[in-house]
Amino acid sequence: MRERFWEWLPLSALTHEEWEALCDGCGQCCLLKLEDEDTGDIATLDVACQLLDIGSCRCSDYDNRFQRVPGCTQLTPDRVGDFRWLPHSCAYRRVHEGRGLADWHPLISGDPDSVHRAGVSVSHYAVSEPDVPDDELDDHIIAVLPIHE
Ligand code: SF4
Ligand code: SF4
């Protein structure tokens, strides 16, 4: 990987390795979301996708994620700006918006656990999808993103 690539290269110029390394491993994008059919608002739940290993906040079957989970969405350089549900802390969003990386990002700290210690990852609060009945999902809403935000 090129030295401090996130500071001087656009997302579209990253190698596959650099792109993957940019993910901070927070797991926030793997929380389930519900879209209000009437308003378009997007609610985020504290319920994680069935494939998320909540301890590490990593996908347990990353190579086959799109086959295993049809709702899993591929993040690409040209879509970062469109995915308004990406958390404010997301490294891709930060770089896209010119905000750089936080000091807890593993590329800065050199420690993959720093994202957990900083309280940014979902490891300390998420529950797993198979443990939550469908009729209780509404009780797990933790944030609502209005359509026009
Ligand atoms: S929210 Fe962004 S940084 Fe966090 S796991 Fe998802 S893609 Fe990676
Ligand atoms: S399939 Fe993997 S990457 Fe996709 S949402 Fe689920 S845990 Fe996250």
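The values are calculated or read from the model by the stated rules, or taken from the named source; none is laboratory data. Fair warning: this is a prediction, and the values are worked out from it, not measured in the lab. Cβ: placed from backbone, ideal geometry, glycine included. Neighbour counts: every protein chain shown.
For the stretch 48-69, enumerate the residues that are in contact (Cβ under 8 Å) with a residue 60 or more places away in the chain, at negative phi and not hydroxyl-bearing (Ser, Thr, Tyr). Those that are in contact (Cβ under 8 Å) with a residue 60 or more places away in the chain, at negative phi and not hydroxyl-bearing (Ser, Thr, Tyr): 48, 49, 50, 52, 54, 55.
Restricting attention to the stretch 57-81 and to residues that are under 25 Å from residue 118 (Cα atoms) and within 13 Å of the chain's Cα centre (by Cα), the residue that is surrounded by the fewest Cβ atoms within 10 Å (Cβ to Cβ) turns out to be 58. Taken as a whole, the structure places residue 132 among residues that are surrounded by 15 or more Cβ atoms within 10 Å (Cβ to Cβ), touching a residue at least 60 places away in the same chain (Cβ under 8 Å) and over 12 Å from residue 6 (Cα atoms).
With respect to the conditions (1) buried (at least 18 other Cβ atoms within 10 Å of the Cβ); (2) more than 23 Å from residue 13 (Cα to Cα), residue 53 falls short on a single one, namely (1).
The number of residues in the stretch 4-47 being acidic (Asp, Glu) and touching a residue at least 40 places away in the same chain (Cβ under 8 Å) comes to 4.
Whenever a residue of the stretch 70-81 is in contact (Cβ under 8 Å) with a residue 12 or more places away in the chain, its partners that are near ligand 2 (Cβ under 9 Å from one of its atoms), lying with C-beta atoms within less than 7 angstrom and at least six residues away or across chains, give the pairs 72/65; 72/66.
Take residue 37 and tell me if it is exposed (fewer than 14 other Cβ atoms within 10 Å of the Cβ), more than 16 Å from ligand 1 (Cβ to nearest atom) and modelled with pLDDT under 95. Judged against the criteria, residue 37 is a match. Within the stretch 82-113, the set of residues being of a type in the set (Gly, Ala, Ser), touching a residue at least 40 places away in the same chain (Cβ under 8 Å) and either out of contact with any Lys or Arg (no Cβ under 8 Å at 6 or more places or on another chain) or closer than 21 Å to residue 145 by Cα (or both) comprises 89, 91.
Checking the structure you have, find out if any residue of the stretch 107-127 is over 30 Å from residue 8 (Cβ atoms) and hydroxyl-bearing (Ser, Thr, Tyr). Full working, then the answer.
Here is the first cut: in the stretch 107-127, the ones over 30 Å from residue 8 (Cβ atoms) are 122-127.
In the following step, the residues that additionally are hydroxyl-bearing (Ser, Thr, Tyr) were identified as 123, 125.
So far as the stretch 107-127 goes, yes, one or more of its residues are over 30 Å from residue 8 (Cβ atoms) and hydroxyl-bearing (Ser, Thr, Tyr).
Criterion applied to 41, 78 was being over 23 Å from residue 106 (Cα atoms), away from ligand 2 (no atom under 13 Å from the Cβ) and touching a strand residue (DSSP E or B) at 6+ places or on another chain (Cβ under 7 Å), and the one residue passing it is 41.
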